[in-house]
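The values are calculated or read from the model by the stated rules, or taken from the named source; none is laboratory data. Here the structure is a predicted model, which is why all the values come from computation and not from measurement. Quick reminder, even Gly has a Cβ in these numbers, built from the backbone with ideal geometry, and neighbours come from all protein chains shown.
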């Protein structure tokens, strides 16, 4: 009897010790490994910073100026900020026309455009462009019309009508292409849908032609420029990393 009581007492001591070593109410810590997944780069996203500027001219305007009745030149510039380009143009335009009624029309003036282009060619290594954009344009000009009218009662009548300080404004939707040809020499074209024209200062003479816009009529008109550019880069090319041999 005494031996059985001692054995039972020892068994209770062992169970108590085991309960102190392993507490079922305490959470068991498990070794966990945090999985770090590398962030996938977005191949279509470009950082916005100033990369380069291009200066150019419209060779089509220079070619058309060979006609004695049309004189024009235009300079162009755009600044590359990655996903978009800031654009500015400035030009001069003069035209002489013989009207169907026998009058002689003449105008002379300047114009400018400003806007932004967005290229759909993402991260092209040569920065070639297939783009769409918007422009706001203004023109300041003078125009005159010398008209001779044969009247059966009053004979030959001559009229001189003019708008010495006229101005105009309009908007443009543009699309085009810029391609690197050699080193920093670029070529391209821009097509323009010109619309929303408003003219001021046309008092005694109804404006016929606006420098930078063209002949008025129909509410909108089309334009086309063929341009050459020289690009001046400002971003530094990253040098390749040098890997040292492991001894």
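How many of the residues making up the stretch 66-88 are closer than 23 Å to residue 48 by Cβ and assigned to a strand (DSSP E or B)?
Total meeting the criteria: 10.
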Exercise. Given 228, 181, 199, which one is under 30 Å from residue 145 (Cβ atoms) and either at pLDDT 95 or above or touching a strand residue (DSSP E or B) at 6+ places or on another chain (Cβ under 7 Å) (or both)?
Worked result: 199
Problem set entry | Among the residues listed as 131, 81, the single one being over 23 Å from residue 211 (Cα atoms) and touching a residue at least 40 places away in the same chain (Cβ under 8 Å) | 131
For this session: Answer yes if at least one residue in the stretch 90-98 is modelled with pLDDT under 95 and exposed (fewer than 13 other Cβ atoms within 10 Å of the Cβ), and no otherwise.
Result: yes
Seminar exercise, completed: Flagged in the stretch 43-65 as part of a loop (DSSP other than H, G, I, E, B) and farther than 20 Å from residue 126 by Cα, in numbering order, are 65
Seminar exercise, completed: If we keep only residues of the stretch 160-185 that are over 30 Å from residue 220 (Cα atoms) and in contact (Cβ under 8 Å) with a residue 24 or more places away in the chain, then the residue surrounded by the most Cβ atoms within 10 Å (Cβ to Cβ) is 180
For this session: Scan the stretch 123-172 for residues that are in a strand (DSSP E or B) and out of contact with any strand residue (DSSP E or B) (no Cβ under 9 Å at 6 or more places or on another chain) and jot them down.
Result: 155
Problem set entry | When residues of the stretch 190-233 are limited to those that are outside any strand (DSSP E or B) and without any contact (Cβ under 8 Å) to a residue 24 or more places away in the chain, the one surrounded by the fewest Cβ atoms within 10 Å (Cβ to Cβ) | 218
Exercise. Of 41, 83, 27, which residue is farther than 26 Å from residue 184 by Cβ, modelled with pLDDT of 50 or more and within 51 Å of the chain's Cα centre (by Cα)?
Worked result: 41
